[in-house]
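Notes to accompany the following structure.
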Amino acid sequence: MIRPPAVGTAVSGAEATAGPLPSRAADARGIALAAAALIAALVLPAVLNTYYVRIITGIFLFGILASAWNLIGGYTGYPDFGGAAFLGIGAYTTGILMLRGHAPFAAALPAGCILAAIAAAGMGALLLRLRGHYFAIATLGFMLVLRQLTANLDITGGGSGINLPAASDFTVFYYWMLGALVVAVLAGFALPRTRAGYAIAAIRENQDAAQVLGIEPLPYKILAYAANAFLFAAAGGIYAYWLTFIEPLTIFNIDFTVQAVVMALFGGPGTVFGPVVGAVILKTLDVVLTNISLFLHNVFFGGLVCLLVIFAPRGLAEIFQSPAGLRASIRDALRENRV
Amino acid sequence: MALLAAAGVTKLFGRLAALNRVDVAIEPGEIVGLIGPNGAGKSTLVNLITGMETPTAGRITFDGADITGRRPAAIARLGIARTFQIAQPFRNMTVRQNVAVPSLFRAARASGVAEALDRADGVLDLVGLGAKRALPARALTTPDLRRLELAKAIALGPRLMLLDEVMAGLTPAETDAEMALLRRINTQGITLLVIEHVLRVVMGLCRRIVVLHHGTKIAEGSPQAVTSDPAVVAAYLGVRHAGRDDAGPR
Amino acid sequence: MSPSTQIALQNAVNGLLIGGTYATVGLGMSLVWGVLNVINIAHGAFVMLGAYTTYWLFTLYGLDPFATLPLAGAALFVLGYGLQRIVINQVIRASFLITFLLTFGFDLLITNTALAVWTADVRAVTTAYSGRSLHLGPVIVPAIRLMTLAAALLVAAVLHLVMSRTRLGSAIRATASDQEAARLMGIPIAHIYALTFAIALATAGIAGGLAGMSFPIYPAMGANYTFIGFVVCVLGGLGSVAGALLGGLIFGLLTTYAAGWLGPNYDYIVAFSALILVLLAKPTGLLGRTVRFRG
């Protein structure tokens, strides 16, 4: 696995390394592992029963969301809390095109992604001028606006939502989610290695310094934001097809985004596989908790978030891989962050 | 024609005039010094030239073109580089990556990543940071961070460099080395505007000095002329003679 | 007086009345954000707790809702002190993202525990005087709403006095402006932070009690109030009582007029548009201080 960076200072809560990782060997190891995981993922549905396939599809969903969030929140340092807006755009566009336009899924989904990217570019041109806190709140506001809009308009079925045609069998969703996840991870891998990726890292690290070195920040921020939106929409479209029913309150929900953020942070922000690892761990925990008590699993998750934030703010990978040991790294984190 | 000309530049913060109708012209190839007590407006002038702030009044032209109020990134690409008084590295990127950034962005389609990284190596060797290229910038000492600032400015490939107190806190030997480096950069065709408190540097490097005080230009001329100007001496209460080697006026 | 003028006047009155509650909701959030640099996404959940405190004291013991306000405030004060001192102080110097996530964790915990304990049934606080209104000339002023506004103004006035005239207020403001310097002057930071959060939560509790008298009470109600708090903070600027008051009143007027014009289902859109406009034009809010460089 590609290792997350060593201890650094908090810039925006996402201690991230820019640019290509220094070690070719680490790259090669990571790629080999990823290839192995991909092959395993491709054959799993043939081996496991549907219950587990569903769970893993859910993990893929959050893997996409976490990786996508990482592009804007981790790499660029703009913590987006309204990602579910794009999830919803993808879901509703796919749904409406399939239901009323009788389009096949394979056409409806990309349409949703592109629409979301355009919306992100438009919104981003306004919102990405804002600083961290305000950006977070404004994006949240955007999500709430879309929620209210879809609840009020007829084309989206108003408060009752819309139904989608059913698919042939469950593995359709599994493979689409896997495909989208591969795209998300590839985006996370490619971006830091490109010229745009350097701009984004520089902007995250020090926007003023980046500007006097020839980087005009807004276009690059919009790029990251639109990429994030595209991927959220992909996940949303597939999710809508899977659920066959979407309505405003469930899809335009900050829970999706917060889970994505928590997973990205705890797997290791600014790394390629960190968000996916975070998704796997936290989603699995979530499933286990749900089985213990359906009713209280949110309470447990809330408590878990609090504990993780206090004791492992730099992510679980950091904690477990720290050379000084688990307790020492927890102590260090506390010493750095407490009053 | 002057490379950089600031005409009647005024900057007000509320009712405080950080700069008041300042005229400065820098000819190509010069090394011009900008001195003045703290709060004189030196950094403000640099901020205005580089586009980080907009003047309340006045015009700034670079190579004949009006750059007043243009965006910082555009001005950087026109060929004006600056260092910051407090170094502003990209902390979590390596030294090499830090210097690659200006290489990548100095023109709209400047270069690829690999090419920029190679070019960065050359610049790092020039400033003496070659050995530390793979370290993350946050691991550098303050003098090294200053060198990194300089390296990034050089890597932008500018025609004009605005240096904001790059010599502060250096030993005499280090100061000499930096001065030699700046002279070398200058002979390669880069015009320099040097803000400094260290008088020895200003006297030794600059052919011409501009003195600011409370936002106005109070003197301009050769180092000897300026440092014996009674107005300048009065502005710097702590200086009794010109040409002293210490840290300079406070 | 023409009907349209009357409607406009009534809207203005309604807007100001509701604005008082909004301001009280925003007060606590503004204090925490301005002093502790923490965006408390669970703020609405604490408002909810205040509402339920008022509800249960009223339903079980027959206390007048306005009389329960100090009790709700006190209970949340204690809770706030404990939370800050024991939990939030552990991450207070971390980035805003970390503290934001922590408060999100609180929100999950509190909202879902409330859901488990009190069920999703919607409650209401209805007193003998709930339906009464005053007729002041052409406008109708519901008694509850007027008393709510009065209570809100009282809370704001008290908070302002505390912040500007007491040693505690000075300590809080000093800590907000320069934590290191405050520490060097012997101010016990951990304690001051805890008191700040306690005060903020107390106002949230009172806001909840006030809201509960006019609006439905249910565990998930917090989210709306959190968003209201955000908008009030952004509109009015952070860290000042006057800002929260102004923000709240303006927001109250805005939503009332928008509801009259667009219908009640468009309030988020109105709020968001106002939010964006203010953020783009004056990011620090109407009464906040200006920022420097261009972005």
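Report whether or not C:ILE199 is under 18 Å from the mean Cα position of the chain (by Cα) and assigned to a helix (DSSP H, G or I).
yes
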key: Exclusive hit being on the phi < 0 side of the Ramachandran plot, assigned to a helix (DSSP H, G or I) and within 14 Å of chain A (Cβ to nearest Cβ), set B:ALA180, B:ALA131, B:ALA173, B:ALA151   = B:ALA151
note = Taking the stretch B:66-78 and the residues there that are among the charged types (D, E, K, R) and either facing chain A (nearest Cβ under 7 Å) or closer than 27 Å to B:THR142 by Cβ (or both), the one that is nearest to the chain's Cα centre (by Cα) would be B:ARG77
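Restricting to the stretch A:147-164, and then to whatever is of a type in the set (S, T, N, Q) and not in a helix (DSSP H, G or I), can you tell me which residue is nearest to the other protein chains (Cβ to nearest Cβ)?
If we filter the stretch A:147-164 for residues that are of a type in the set (S, T, N, Q), which is where we start, we get A:148, A:150, A:152, A:156, A:160, A:163.
Okay, now just the ones that are also not in a helix (DSSP H, G or I), so A:156, A:163.
Values: A:THR156: 13, A:ASN163: 22 Å.
Of everything passing the filter in the stretch A:147-164, A:THR156 is nearest to the other protein chains (Cβ to nearest Cβ).
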message = Being surrounded by 24 or more Cβ atoms within 10 Å (Cβ to Cβ), within 13 Å of chain B (Cβ to nearest Cβ) and either in a helix (DSSP H, G or I) or in contact (Cβ under 8 Å) with a residue 12 or more places away in the chain (or both) is the requirement here; does A:ALA210 meet it?
response = yes
ask   = Of the residues A:ALA151, A:ALA167, which is more than 30 Å from B:GLY112 (Cβ to Cβ), among the small types (Gly, Ala, Ser), surrounded by fewer than 17 Cβ atoms within 10 Å (Cβ to Cβ) and over 17 Å from the mean Cα position of the chain (by Cα)?
value = A:ALA167
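Can you tell me which residue is nearest to the other protein chains (Cβ to nearest Cβ) among those in the stretch A:165-207 that are closer than 19 Å to A:GLY90 by Cβ and of a type in the set (Ser, Thr, Tyr)? I'd like the intermediate steps shown before the answer.
So the first thing to find is which residues in the stretch A:165-207 are closer than 19 Å to A:GLY90 by Cβ, and the list is A:165-167, A:172-188.
Of the ones still in play, those that are also of a type in the set (Ser, Thr, Tyr) are A:174-175.
Working: A:TYR174: 29, A:TYR175: 32 Å.
Filtering first and then ranking leaves A:TYR174.
To keep it simple, each residue is scored yes or no on (1) over 30 Å from A:ASN337 (Cα atoms); (2) surrounded by 24 or more Cβ atoms within 10 Å (Cβ to Cβ); (3) out of contact with any Pro (no Cβ under 8 Å at 6 or more places or on another chain); (4) among the hydroxyl-bearing types (Ser, Thr, Tyr).
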site	(1), (2), (3), (4)
C:LEU154	yes, no, yes, no
C:LEU161	yes, no, yes, no
C:ILE172	no, yes, yes, no
C:ILE187	no, no, yes, no
C:LEU210	yes, yes, yes, no
C:TYR218	yes, no, yes, yes
C:GLY222	no, yes, yes, no
C:PHE227	no, no, yes, no
ask   = Any idea which of (1) surrounded by 23 or more Cβ atoms within 10 Å (Cβ to Cβ); (2) part of a helix (DSSP H, G or I) is the one B:VAL166 doesn't satisfy?
value = (2)
request  = For residues that are surrounded by fewer than 24 Cβ atoms within 10 Å (Cβ to Cβ) and among the small types (Gly, Ala, Ser), scanning just the stretch A:120-146, find the one that is nearest to the other protein chains (Cβ to nearest Cβ).
outcome  = A:GLY132
message = So if I check each of C:ALA143, C:ALA156, C:ALA190, which one is closer than 30 Å to C:GLN6 by Cβ and at pLDDT 90 or above?
response = C:ALA156
key: Condition check for B:ALA81: more than 19 Å from the chain's Cα centre (by Cα) and of a type in the set (A, V, I, L, M, F, W, C)   = no
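Of C:THR99, C:THR111, C:THR103, which residue is more than 7 Å from chain A (Cβ to nearest Cβ) and touching a Pro at 6+ places or on another chain (Cβ under 9 Å)?
On the way: C:THR99 fails: touching a Pro at 6+ places or on another chain (Cβ under 9 Å); C:THR103 fails: touching a Pro at 6+ places or on another chain (Cβ under 9 Å).
Only one candidate qualifies: C:THR111.
The values are calculated or read from the model by the stated rules, or taken from the named source; none is laboratory data. Keep in mind it's a predicted model, so treat the numbers as computed, not measured. FYI the Cβ positions are ideal-geometry reconstructions off the backbone, even for glycines, and counts take in every protein chain you see.
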